[in-house]
Amino acid sequence: MDLTVAADRAGLVKAKDALGPGRIALVPTMGALHEGHRSLVRLAREHADHVIVSVFVNPLQFGPGEDFSRYPRTFDADLRACEEEGVRVVFAPSAEDMYLPDRQVEVSAGGMGGVVEGAFRPGHFDGVLTVVLKLFNLVQPDVAVFGQKDAQQLALIRRMVADLDVPVSIVGAPTVREADGLALSSRNRYLSEADRRTALALSRALRAGAARAGTTGPAGILDAARAVLEEAARFDPPLLLDYLILADPATFAPVGDDHRGEAILAVAAKVGTTRLIDNMVLTL
Ligand code: AMP
């Protein structure tokens with residue numbers, strides 16, 4: 001079955017018509033596809049008859065000084081990956097097609113959009129939710145798949161769908177990692193060999209925290225993870241920590257010492273010029 005590339009709303013309507021009947025799953029991406037994205041496509045296929053992947057580097061979700069202009073763009077390889085995974089339609093609009101020059105209205109991520117990752121990237125989650133809602137309106141999928149790798153993003157998308165009555169089922173997908181623990185990310189291709197060695201401290205810290213989850217409370221878990229990150233702060237290049245938090249999965253507020261049930265151990269740090277995030281879901 002052939003892969004159709006749609007570049008705008010009209011192309012998308014035509015491509016969708018050609019699919020015929022059946023449930024549609026959307027996998028939104030910014031391209032530079034890797035095995036993590038592919039796992040989302042495979043999960044999407046379990047929930048629908050047809051999978052549509054969007055590839056759009058969304059300018060709205062990048063702040064000044066972030067990596068929008070140098071974000072990896074590998075469209076031909078992305079199309080091959082989609083073809084291999086049995087994707088029927090790739091929606092790849094231009095920024096001009098997505099955003100009217102006189103646009104005014106945006107989605108607000110609310111208070112939860114301003115904490116943790118949102119505190120370091122002001123406006124980021126407003127930009128994410130705005131583009132995701134637009135993609136939902138354009139593609140009109142039955143289901144959409146997002147990675148747990150971006151845990152706060154996934155939680156905010158669930159929140160948006162509930163708060164704004166968006167008729168799309170949201171499916172979360174587990175984080176795909178390299179054999180050494182590094183979470184796959186399009187930004188990993190910025191890492192030099194030395195950067196990569198330092199970057200391994202992120203997943204190592206999460207594992208150290210997770211290993212304590214059965215035996216100690218939030219403070220002990222955070223101490224175990226922090227010890228690994230502090231060691232990596234002395235590596236060359238050093239790991240520069242933005243945050244380490246044990247957060248409530250629904251609100252991203254820090255959990256209290258009496259918290260029971262699921263909690264997300266989340267970390268963000270810079271290594272060289274690259275900013276990386278990672279998280280693990282723990283049960284307390
Ligand atoms: P991005 O292209 O980085 O915007 O990511 C597109 C989707 O892929 C998002 O839902 C991410 O959470 C998801 N994703 C990114 N990295 C991974 C990974 N290592 N494992 C699983 N999903 C991922």
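Average projection, convex hull of the Cα set of the range 35-98: 5.2 square nanometres. Where in the range 240-261 is the amide nitrogen less than 14 Å from a point lying 7 Å along the Cα-to-Cβ axis of D223? Answer for the range 240-261: none.
Relative to the Cα centre, the charge distribution of the chain, modelled as +1 at Lys and Arg Cβ and -1 at Asp and Glu Cβ, gives a dipole magnitude of about 280 debye. Highest average first, the peptides 23-29, 244-250, 210-216 ordered by how many other beta carbon atoms sit within 10 Å of their residues are 23-29, 244-250, 210-216. Based on the Kirkwood radius over alpha-carbon pairs, what is the Stokes-Einstein translational diffusion coefficient of the range 171-284 at 4 °C with 1.567 mPa s viscosity, in µm²/s? The estimated diffusion coefficient comes to 91 µm²/s.
Taking 8 Å as the Cα distance limit and 6 or more residues as the minimum spacing, I'd like the relative contact order of the range 45-98 as a percentage. Contact order relative to length: 57 percent.
Using a simple spin-label model with pseudo-atoms 7 Å out from Cα toward Cβ, E96 and A233 lie 4.8 nm apart.
All alpha carbon pair distances within the range 76-195 were sorted into 5 Å bins beginning at 0; the resulting P(r) in whole percents reads 2, 9, 15, 18, 22, 18, 11, 5, 1, 0. For the chain, DSSP calls about 50 percent of its internal beta bridges antiparallel.
The value of relative contact order for the range 81-177, using C-alpha pairs under 8 Å at least six residues apart, is 23 percent. In summary, the convex hull built on the alpha carbon positions of the chain has an orientation-averaged projected area of 15.0 nm².
A simple spin-label model places pseudo-atoms 7 Å from Cα toward Cβ; at D163 and A211 they are separated by 3.9 nm.
Backbone geometry of the range 92-105 corresponds, through the Karplus equation with coefficients 6.51, -1.76 and 1.60 at θ = phi - 60°, to 3J(HN,Hα) couplings of 10, x, 8, 4, 5, 6, 7, 10, 5, x, 9, 4, 10, 8 Hz, x marking Gly and Pro. The GluC sites (Glu not before Pro) of the range 97-191 that DSSP puts in a loop, and whose beta carbon has at most 16 other beta carbons within 10 Å, are E106, E178. Taking 7 Å steps out from each Cα toward its Cβ at D242 and R189 produces label points 2.1 nm apart.
No lab work stands behind these numbers, since they all come straight from the coordinates. Just so it is clear, the structure is predicted and the values come from calculations on it, not from any experiment. Every residue, glycine among them, receives a Cβ derived from its backbone with ideal geometry; neighbour counts consider all protein chains shown.
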